[in-house]
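Colleague: Okay, handing you the structure first.
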Amino acid sequence: MRQGRLADTRDMFAMHTMFRREYGNTPDLVRAARVGDLHRATVVADHIALLNHVLHGHHTAEDKYLWPLLLERVGAELAPIVLVMEEQHTRIHHGYVRLNMALAAWREDASARARAAVARALDELVPVLETHLSLEEERVVPLIERHLSREEYARAGKEGIAHNPPDAVPVIVGMLMYESDLETIDGVIAALPADLRLVIRDLSVAAYASYAQKLYGTAMPPRVLT
């Protein structure tokens with residue numbers, strides 16, 4: 001039974017904004033890479049692989065910590081969309097598995113054929129992901145806010161962060177910060193290990209600015225929020 005303060009889901013929207021921006025920009029990044037440019041192919045491929053890793057951790061944490069509690073507490077209300085969400089998770093999982101395979105080939109030779117395979121995989125994955133994120137925001141997030149405590153919800157965030165390589169955390173937090181307000185980021189930082197909390201904000205701003213400069217040619221890539 002839920003006890004304590006209600007879940008604060010602002011970090012969920014921040015995560016979704018990050019996915020929309022970064023995944024949404026990737027098809028153009030791939031198609032703009034010159035054939036034979038192994039360095040550029042690696043830079044873009046590594047970025048996409050990082051997004052896939054973060055997305056996998058995000059969904060795994062939801063499946064482990066959020067869905068069981070929601071099904072227990074609001075099964076009847078949630079039932080109509082459970083199958084849809086599970087089907088979308090499966091399609092997304094298969095999509096980034098295919099994408100990771102295409103990325104491996106592109107890293108090898110940076111050929112036009114390999115690049116086209118990566119672009120096709122993204123063209124298939126991104127619309128499915130967008131549909132999933134929108135449905136989750138519309139139908140699932142309100143249930144989380146009504147039926148899960150802040151502590152119960154926070155477990156998923158902590159699990160998602162712990163899933164990532166430590167050296168990637170500053171860039172990932174920087175991606176989240178790029179279009180988020182300070183209070184939302186405070187919640188994200190609270191889920192980090194204590195030794196990171198005092199330094200992560202400044203570290204992440206600098207890390208993402210440098211990362212984006214190499215990836216996009218600017219420290220301020222196109223935003224999805226206006």
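Colleague: Tell me which residues, restricted to the stretch 99-108, are surrounded by fewer than 21 Cβ atoms within 10 Å (Cβ to Cβ) and either hydrophobic (A, V, I, L, M, F, W, C) or out of contact with any Leu (no Cβ under 8 Å at 6 or more places or on another chain) (or both). So that I can check it myself, show each step before the final result.
Modeller: Narrowing the stretch 99-108 to residues surrounded by fewer than 21 Cβ atoms within 10 Å (Cβ to Cβ): 100-101, 104-105, 107-108.
Scanning the stretch 99-108 gives Asn100, Met101, Ala104, Ala105, Glu108.
Colleague: Would you be able to say whether some residue in the stretch 49-64 is of a type in the set (A, V, I, L, M), on the phi < 0 side of the Ramachandran plot, in contact (Cβ under 8 Å) with a residue 40 or more places away in the chain and surrounded by 20 or more Cβ atoms within 10 Å (Cβ to Cβ)?
Modeller: yes
Colleague: Of the residues in the stretch 72-96, how many are aliphatic (A, V, I, L, M) and surrounded by fewer than 13 Cβ atoms within 10 Å (Cβ to Cβ)?
Modeller: From the stretch 72-96, those aliphatic (A, V, I, L, M) are 74, 76, 78-79, 81-85, 92; that's our starting set.
Of the ones still in play, those that are also surrounded by fewer than 13 Cβ atoms within 10 Å (Cβ to Cβ) are 76, 79, 83.
Qualifying residue count, the stretch 72-96: 3.
Colleague: Within the stretch 161-184, take every residue that is more than 25 Å from Leu225 (Cα to Cα) and part of a loop (DSSP other than H, G, I, E, B) and give me the one that is farthest from the chain's Cα centre (by Cα).
Modeller: First pass over the stretch 161-184, keeping only residues more than 25 Å from Leu225 (Cα to Cα): 162-167.
Still in the list and also part of a loop (DSSP other than H, G, I, E, B): 163-165.
Working: His163: 12, Asn164: 11, Pro165: 14 Å.
Filtering the stretch 161-184 for residues that are more than 25 Å from Leu225 (Cα to Cα) and part of a loop (DSSP other than H, G, I, E, B), the one farthest from the chain's Cα centre (by Cα) comes out as Pro165.
Colleague: Assess whether His58 counts as being part of a helix (DSSP H, G or I), closer than 25 Å to Tyr216 by Cα and within 20 Å of the chain's Cα centre (by Cα).
Modeller: Numbers: part of a helix (DSSP H, G or I): yes; closer than 25 Å to Tyr216 by Cα: yes; within 20 Å of the chain's Cα centre (by Cα): yes.
Judged against the criteria, His58 is a match.
Colleague: Return the pair list, or none, for Cβ contacts closer than 9 Å from residues in the stretch 17-45 that are at positive phi and touching a residue at least 24 places away in the same chain (Cβ under 8 Å) to residues that are part of a helix (DSSP H, G or I) and surrounded by 20 or more Cβ atoms within 10 Å (Cβ to Cβ), at least 6 apart or on different chains.
Modeller: Within 9 Å, no pair qualifies.
Colleague: What's the total number of residues in the stretch 120-150 that are among the small types (Gly, Ala, Ser) and under 19 Å from the mean Cα position of the chain (by Cα)?
Modeller: If we filter the stretch 120-150 for residues that are among the small types (Gly, Ala, Ser), which is where we start, we get 121, 134, 149.
Those left that are additionally under 19 Å from the mean Cα position of the chain (by Cα): 121, 134.
Summing the residues that are among the small types (Gly, Ala, Ser) and under 19 Å from the mean Cα position of the chain (by Cα) in the stretch 120-150 gives 2.
Colleague: For the stretch 10-43, which positions are of a type in the set (A, V, I, L, M) and part of a helix (DSSP H, G or I)? Explain how you work it out, then say what you get.
Modeller: Going residue by residue through the stretch 10-43, those that are of a type in the set (A, V, I, L, M) are 12, 14-15, 18, 29-30, 32-33, 35, 38, 41, 43.
Within the stretch 10-43, Met12, Ala14, Met15, Met18, Leu29, Val30, Ala32, Leu38, Ala41, Val43 qualify.
Colleague: Identify all residues within the stretch 149-160 that are in a helix (DSSP H, G or I) and either more than 12 Å from His59 (Cα to Cα) or free of Cβ contacts under 8 Å to residues at least 12 places away in the same chain (or both); write none if there are none. So that I can check it myself, show each step before the final result.
Modeller: If we filter the stretch 149-160 for residues that are in a helix (DSSP H, G or I), which is where we start, we get 150-160.
Across the stretch 149-160, the qualifying residues are Arg150, Glu151, Glu152, Tyr153, Ala154, Arg155, Lys158.
Colleague: When the residues of the stretch 193-226 are filtered to those that are surrounded by 17 or more Cβ atoms within 10 Å (Cβ to Cβ) and either within 18 Å of Ala162 (Cβ to Cβ) or among the acidic types (Asp, Glu) (or both), which remaining residue is modelled with the lowest pLDDT?
Modeller: Top of the filtered list is Leu196.
Colleague: Can I ask one more? If we scan the stretch 210-222, do we find a residue that is more than 18 Å from Thr26 (Cβ to Cβ) and in contact (Cβ under 8 Å) with a residue 24 or more places away in the chain?
Modeller: No, the stretch 210-222 contains no residue that is more than 18 Å from Thr26 (Cβ to Cβ) and in contact (Cβ under 8 Å) with a residue 24 or more places away in the chain.
The values are calculated or read from the model by the stated rules, or taken from the named source; none is laboratory data. In this text, all values refer to a predicted model and were calculated from it rather than measured experimentally. Here the Cβ is made from the backbone with ideal geometry for all residues, glycine too, and neighbour counts use every protein chain on show.
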